[in-house]
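Okay, structure first, notes after.
Coordinate-derived values only; no laboratory data. Quick caveat: nothing in here was measured; it's all calculated off a predicted structure. FYI the Cβ positions are ideal-geometry reconstructions off the backbone, even for glycines, and counts take in every protein chain you see.
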Amino acid sequence: MCVSTIQGGSGVNTVTDHAVVDIDRRLTPGEDATDAYQELIDLIAERTTSEAVSLEHESPNITCGGLTADENRAWAEEVASAVFATGHKSQLIGVPFGTDAWAIAASGTPTVVFGPGSVDQAHTDDERISIDQLSAATDIFYRIATGG
């Protein structure tokens with residue numbers, strides 16, 4: 001969970017009449033979106049100490065779940081084999097970030113999240129990958145596509 005945006009106020013010397021805080025809270029596999037939303041509301045209420053503060057909560061705009069290893073493991077192992085075959089390290093792990101992969105998996109299609117670059121640079125002003133990473137990914141994607 002993280003605060004991703006804060007908006008409010010009109011000047012440094014003016015007490016604002018309202019502020020908007022957006023919170024990003026990702027779901028883990030098997031976690032219920034309604035329960036997670038309620039837990040967040042309860043946590044905020046518990047930490048709000050002033051009775052002068054009035055809180056309003058909007059419904060989440062996205063409620064996507066995480067990928068489970070059960071339905072996706074065999075495909076993940078195939079992808080890991082393609083990575084290994086090109087001389088690169090591979091490791092099957094869960095990650096604490098969101099993707100659209102959940103929607104593909106929800107259709108019954110085995111799904112993994114894989115690609116070049118570092119998630120540490122994702123969605124930053126300096127997002128990039130090296131030519132070496134692009135070349136390695138091209139080789140791996142080719143192996144996956146051709147079964148070689």
For Thr63, Thr146, ascending order of other Cβ atoms within 10 Å (fewest first) is Thr146, Thr63
Computed Rg/Rh of the chain, alpha carbon atoms with Kirkwood Rh: 1.10
For the Cα atoms of the chain, what angle does the longest principal axis make with the long axis of helix 33-47, in degrees from 0 to 90, nearest 10? 40 degrees
So Ser81 and Ile44, fully extended at 0.36 nm per residue minus their Cα-Cα distance, gain in nm 8.9 nm
Given springs between every Cα pair under 10 Å in a Gaussian network model of the chain, which of Val20, Val79, Val112 has the largest fluctuation? Val20
Rounded to the nearest 10, the angle in degrees between the Cα long axis of helix 69-85 and the longest principal axis of the Cα atoms of the chain comes to 50 degrees
Report, in debye and to the nearest 20, how large the dipole of the chain comes out about its Cα centre when Lys and Arg carry +1 and Asp and Glu carry -1 on their Cβ. 600 debye
Considering amide H positions built from the backbone, and no H for Pro or chain starts, which residues 5 or more places from Ile23, or on another chain, come under 5 Å of its amide H? Ser4
Exposure proxy check on His57, His18: fewest-to-most Cβ neighbours within 10 Å is His18, His57
Using a Gaussian network model of the chain with C-alpha springs under 10 Å, which one of Asp17, Asp70, Asp32 is most mobile by mean-square fluctuation? Asp17
Please work out the Cα center distance from the range 7-45 to the range 79-146, rounded to the nearest Å. 31 Å
For the chain, what does -39500 (n - 2.57) per DSSP helix run (n ≥ 4), summed and divided by total residues, give at 222 nm, in deg cm²/dmol to the nearest 500? -11500 deg cm²/dmol
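Looking only at GluC sites (Glu not before Pro) in DSSP loops with at most 11 other Cβ atoms within 10 Å, what is the longest site-free stretch of the chain?
Numbers: sites that count: Glu51, Glu56, Glu58, Glu127.
No qualifying site falls inside 59-126, the longest such stretch.
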I'd like to know which of Pro116, Cys64, Gly11 lies farthest towards the positive end of the charge dipole of the range 1-136, counting +1 on Cβ of Lys and Arg and -1 on Cβ of Asp and Glu. Pro116
Tilt relative to the chain, helix 131-146 - C-alpha long axis, 0 to 90 degrees, to 10: 60 degrees
Give me Asp120, Asp139, Asp42 ranked fewest to most by other Cβ atoms within 10 Å of their Cβ, as a rough exposure proxy. Asp120, Asp42, Asp139
